[in-house]
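K.L.:
Have a look at this one.
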Amino acid sequence: MENKRIIQVEEKVPFKLLVPLSIQHMFAMFGASVLVPFVFGINPAVVLFMNGIGTLLFILITKGRAPAYLGSSFAFLAPAGIVISKWGYSYALGGFVAVGFLGCILALIIYKFGSDWIDVVLPPAAMGPVVALIGLELAGSAASNAGLLDETINTKNVIVFLVTLLFAVIGSVVFRGFLSVIPILIAIIAGYVAALACGIVDFSEVAAAPLFSLPNFSAPKFKWEAIVTILPVLLVIASEHIGHQIVTGKIIGRNLLKDPGLHRSLFADNFSTMISGLIGSVPTTTYGENIGVMAMTKVYSVYVIGGAAVLSIICSFIGKMTTLINTIPGPVIGGISFLLYGMIGTSGIRILVESQVDYGKSRNMAMTSVIFVTGLSGINVQFGSIQLTGMVLACVVGMLMGLMFFVFDKLKLTNDRGEAG
């Protein structure tokens, strides 16, 4: 992969490359993104529509300088599930609108006061493990999708999973030329063919689906209790967004928190969530799967991501196509996720290496150790109806430790010298 040509953020891609590269991004997000509307009990067509619209809005607001694909956010599942069970999906939409709006306000605060505070509250010794946890805590999800955690392991699932993972790994290392930039797409196709051969693909829903159909748009309803239930998720999505932007920045070799700026990307992310709630879709977020695709292929062009967004919008109106894509079995998604989630985790370790974090300093050792154990231990902290666990809880712990060490430095209480990095 070291010899692979990098296609930079602003670089236009020839049409013959644009289409398969864009399809690859769309497929990468699809498996996880449609899971959220399934849990909420709504048709995924409106989600595909808003994922595309949200991604285009993100590219526009960030002036085409921050490559990111917006997919469905998992952070809202627990509180939104409570709201849906009590008052219905339309009131959950109202909560999504409120969270998106307040997220935009948070972005304006960052615009006013800057983002240098991030280096204080999340120094490299904290940011590295927090970013690594974004990928590592999804490991179980990848195994679950593949059917590897079932009580009875299906041999066919294992075969499809291994074929998909094998093509993804070998493709990323061995493929050259054009094939070297679409290993994920090739792995998905190979896995799908293996799934067909094993007889685990069901086409019955495709036959019954209409050729063209409108996404199922719906309007939100607002209730103070529902909004308060969902509101704490703002902390979750803000920390997740910062982590994703830092990962992406490390991958493409730019500081996205400075240019286009955290205020722009955070505003774009939350503005998309607000619009989602207004039209009946689920909240959006920058997607780890697509960050992994960029890390593997070294194709960072916003034109490719914009192309994937347009394809997602088109798919939302084609009933049979949406249903056909939805026939991709779990073992294929699991095989791809195994590699992509791992690469996100490795990006966190890369932050530690490139920042030259000195583990001879007790503060760095303590900070990284506590964050990793917090994120992987499975412990959770409950604030009302929102549960902090995994990477989110680890991020909060890291921020508190960062502030504590900052105060210790000001009071000259620490037993080492220099900055935390």
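K.L.:
Please specify each residue of the stretch 136-150 satisfying the condition of being outside any helix (DSSP H, G or I) and open to solvent by 10 Å² or more (accessible area, probe 1.4 Å). Spell out how you get there, then give the answer.
P.N.:
Going through the stretch 136-150, the residues outside any helix (DSSP H, G or I) turn out to be 137-138, 146-150.
Correct list: 137, 138, 148, 149, 150.
K.L.:
If a residue has to be open to solvent by less than 20 Å² (accessible area, probe 1.4 Å) and in a helix (DSSP H, G or I) to count, how many in the stretch 243-284 make the cut? Spell out how you get there, then give the answer.
P.N.:
First pass over the stretch 243-284, keeping only residues open to solvent by less than 20 Å² (accessible area, probe 1.4 Å): 243-245, 247-249, 251-252, 256, 260-262, 265-266, 268-270, 272-273, 276-277, 280-284.
Next, from what is left, pick out any that are in a helix (DSSP H, G or I): 243-245, 247-249, 251-252, 260-262, 265-266, 268-270, 272-273, 276-277.
Count: 20.
K.L.:
Residue 401 - would you say it is at pLDDT 85 or above and open to solvent by less than 50 Å² (accessible area, probe 1.4 Å)?
P.N.:
Values: at pLDDT 85 or above: yes; open to solvent by less than 50 Å² (accessible area, probe 1.4 Å): yes.
Considered against the rule, which asks whether it is at pLDDT 85 or above and open to solvent by less than 50 Å² (accessible area, probe 1.4 Å), residue 401 comes out as yes.
K.L.:
Out of the stretch 26-66, which residues are modelled with pLDDT of 80 or more, of a type outside the set (A, V, I, L, M, F, W, C), within 28 Å of residue 254 (Cβ to Cβ) and not in a loop (DSSP other than H, G, I, E, B)?
P.N.:
51, 52, 54, 55
K.L.:
Inside the stretch 151-172, can you point out the residues that are more than 24 Å from the chain's Cα centre (by Cα), of a type in the set (S, T, N, Q) and either crowded, with 17+ Cβ neighbours inside 10 Å or not in a helix (DSSP H, G or I) (or both)?
P.N.:
The answer is 152, 154, 157.
K.L.:
In this structure, is residue 217 farther than 19 Å from residue 278 by Cβ and open to solvent by 80 Å² or more (accessible area, probe 1.4 Å)? Talk me through it step by step, then tell me what you get.
P.N.:
On the way: farther than 19 Å from residue 278 by Cβ: no; open to solvent by 80 Å² or more (accessible area, probe 1.4 Å): yes.
The answer is no for residue 217.
K.L.:
Here are 210, 215: which of them is closer than 20 Å to residue 96 by Cα and either part of a loop (DSSP other than H, G, I, E, B) or without any contact (Cβ under 8 Å) to a residue 24 or more places away in the chain (or both)?
P.N.:
Working: 210 fails: closer than 20 Å to residue 96 by Cα.
The unique qualifying residue is 215.
K.L.:
What number of residues in the stretch 113-135 are closer than 11 Å to residue 349 by Cα and open to solvent by 50 Å² or more (accessible area, probe 1.4 Å)?
P.N.:
Of the residues in that region, 0 qualify.
K.L.:
Taking the condition of being open to solvent by 30 Å² or more (accessible area, probe 1.4 Å), assigned to a helix (DSSP H, G or I) and touching a Pro at 6+ places or on another chain (Cβ under 9 Å), how many residues in the stretch 221-242 meet it?
P.N.:
Residues meeting the conditions: 0.
K.L.:
Another one. Name, by its number, the condition in (1) under 23 Å from residue 138 (Cβ atoms); (2) open to solvent by less than 30 Å² (accessible area, probe 1.4 Å) that does not hold for residue 39.
P.N.:
(2)
K.L.:
Pick out the one residue from 97, 46 that is in contact with a Gly (Cβ under 7 Å, 6 or more places away or on another chain), of a type outside the set (Asp, Glu) and over 19 Å from residue 307 (Cα atoms). Walk me through it before giving the result.
P.N.:
Working: 46 fails: over 19 Å from residue 307 (Cα atoms).
Answer to the selection: 97.
K.L.:
While we're here: Here is a list: 94, 71, 103. Which entry is open to solvent by less than 30 Å² (accessible area, probe 1.4 Å) and either touching a strand residue (DSSP E or B) at 6+ places or on another chain (Cβ under 9 Å) or polar (S, T, N, Q) (or both)?
P.N.:
Values: 94 fails: either touching a strand residue (DSSP E or B) at 6+ places or on another chain (Cβ under 9 Å) or polar (S, T, N, Q) (or both); 103 fails: either touching a strand residue (DSSP E or B) at 6+ places or on another chain (Cβ under 9 Å) or polar (S, T, N, Q) (or both).
Only one candidate passes the filter, namely 71.
K.L.:
Can you list residue pairs whose Cβ atoms sit under 9 Å apart, with the first residue in the stretch 240-259 being on the phi < 0 side of the Ramachandran plot and among the acidic types (Asp, Glu) and the second being part of a helix (DSSP H, G or I) and at pLDDT 90 or above? Count only pairs 6 or more apart in sequence or on different chains.
P.N.:
none
K.L.:
Pick from 407, 332, 381, 353: which is assigned to a helix (DSSP H, G or I), among the hydrophobic types (A, V, I, L, M, F, W, C), open to solvent by 30 Å² or more (accessible area, probe 1.4 Å) and in contact with a helix residue (DSSP H, G or I) (Cβ under 9 Å, 6 or more places away or on another chain)? Give the derivation first.
P.N.:
On the way: 407 fails: in contact with a helix residue (DSSP H, G or I) (Cβ under 9 Å, 6 or more places away or on another chain); 332 fails: open to solvent by 30 Å² or more (accessible area, probe 1.4 Å); 381 fails: assigned to a helix (DSSP H, G or I).
Within the list 407, 332, 381, 353, the selection yields 353.
The values are calculated or read from the model by the stated rules, or taken from the named source; none is laboratory data. On a predicted model such as this, the values are computed, not experimentally measured, just so you know. All Cβ positions, glycine included, derive from the backbone under ideal geometry; neighbour counts span all protein chains shown. Ligands, DNA and RNA are stripped out before the accessible areas are found, and what is left, the full protein with its side chains, is counted by its heavy atoms. Shrake-Rupley method; radii C 1.70, N 1.55, O 1.52, S 1.80 Å.
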